[in-house]
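Enquirer: Next up is a structure, given as structure tokens.
The values are calculated or read from the model by the stated rules, or taken from the named source; none is laboratory data. This one's a predicted model, so the numbers in the text were calculated from it and none came from an experiment. FYI the Cβ positions are ideal-geometry reconstructions off the backbone, even for glycines, and counts take in every protein chain you see.
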Amino acid sequence: MRLSVLIPVYNEADTVARVVARLRSVPLGVELVAIDDASTDGSGDILDGLCREGRLDRVVRHERNRGKGAAIRSGIREATGDVIVIQDADLEYDPAELPALLAPIADGRADAVFGSRFQGGPHRVLYFWHSVGNRLLTLLSNMFTDLNLTDVETCYKLVRADLLRRLPLTSNRFGFEVEITARLAQAGARVWEMPISYSGRTYAEGKKITWRDGLAALFHILRYNLLPPPGQWRAR
């Protein structure tokens, strides 16, 4: 089973090459698709170099900054693997955990697997109010989806590629996380959750999520759960 890894990149020149190196060390057949969301710090040149060296399979360009959700949709169109996962271009998530996360899908037990930062895995101790906000967003999302997730905002969401392409995804920015969760629930997908480690960044180290994104996520939870688009896109 081939895994396509989508790497949305916006101004991550300091870390993106190391992320790609870690991904290439994973003992899986992986396809790496990077999406440069109009970076201004030289990230695009680094991606081009990695592609020429054969360390990236494909680089997709956005002429203007459109946001993480839009970058992921561009990557989905380019991916050719059986399962798709998003890998942020920072160093917060460890690709070495991808084989374990892939197993429930490879075994036919799951359609999607979420890697939870709150199920007991090792993690860097950082912001208390970030964790509170994440848990509140997860609780509200669960109330609408009737899923008992612990980490709706996790980056590591592995989804069967054929299912992911059928989901009507429209969010351009960080609303993608709650949107895909709502769409998977509406599709009747079999969702698993497994613990992962997490090495979060500080704002001085380049963290981009702010309280404004949390407020936007509240709106998106209501929007994507109360107003599902029409159409047939069941998991099976």
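Enquirer: I'd like the residue in segment 199-220 that is under 15 Å from THR154 (Cα atoms) and in a helix (DSSP H, G or I) and, out of all such residues, is modelled with the highest pLDDT.
Expert: Out of the qualifying residues, it is ALA217.
Enquirer: Here's another thing I want to ask about it. So which of ALA21, ALA38 ends up being assigned to a loop (DSSP other than H, G, I, E, B) and modelled with pLDDT of 95 or more?
Expert: ALA38
Enquirer: Consider segment 172-192. How many of its residues are more than 17 Å from ARG109 (Cβ to Cβ) and assigned to a helix (DSSP H, G or I)?
Expert: 10
Enquirer: Still on this structure: Please work out which residue is surrounded by the fewest Cβ atoms within 10 Å (Cβ to Cβ), limiting yourself to segment 11-56 and to residues that are of a type in the set (S, T, N, Q) and farther than 21 Å from ALA79 by Cβ.
Expert: Once the filter is applied, the top-ranked residue is THR40.
Enquirer: If only one of GLY49, GLY54 is in a helix (DSSP H, G or I) and free of Cβ contacts under 8 Å to residues at least 40 places away in the same chain, which one is it?
Expert: One residue alone meets the criteria, GLY49.
Enquirer: Quick one: would you say PRO8 is closer than 29 Å to ALA103 by Cα and at pLDDT below 95?
Expert: no
Enquirer: Would you say ILE196 is under 28 Å from LEU3 (Cα atoms) and at pLDDT below 90?
Expert: Considered against the rule, which asks whether it is under 28 Å from LEU3 (Cα atoms) and at pLDDT below 90, ILE196 comes out as no.
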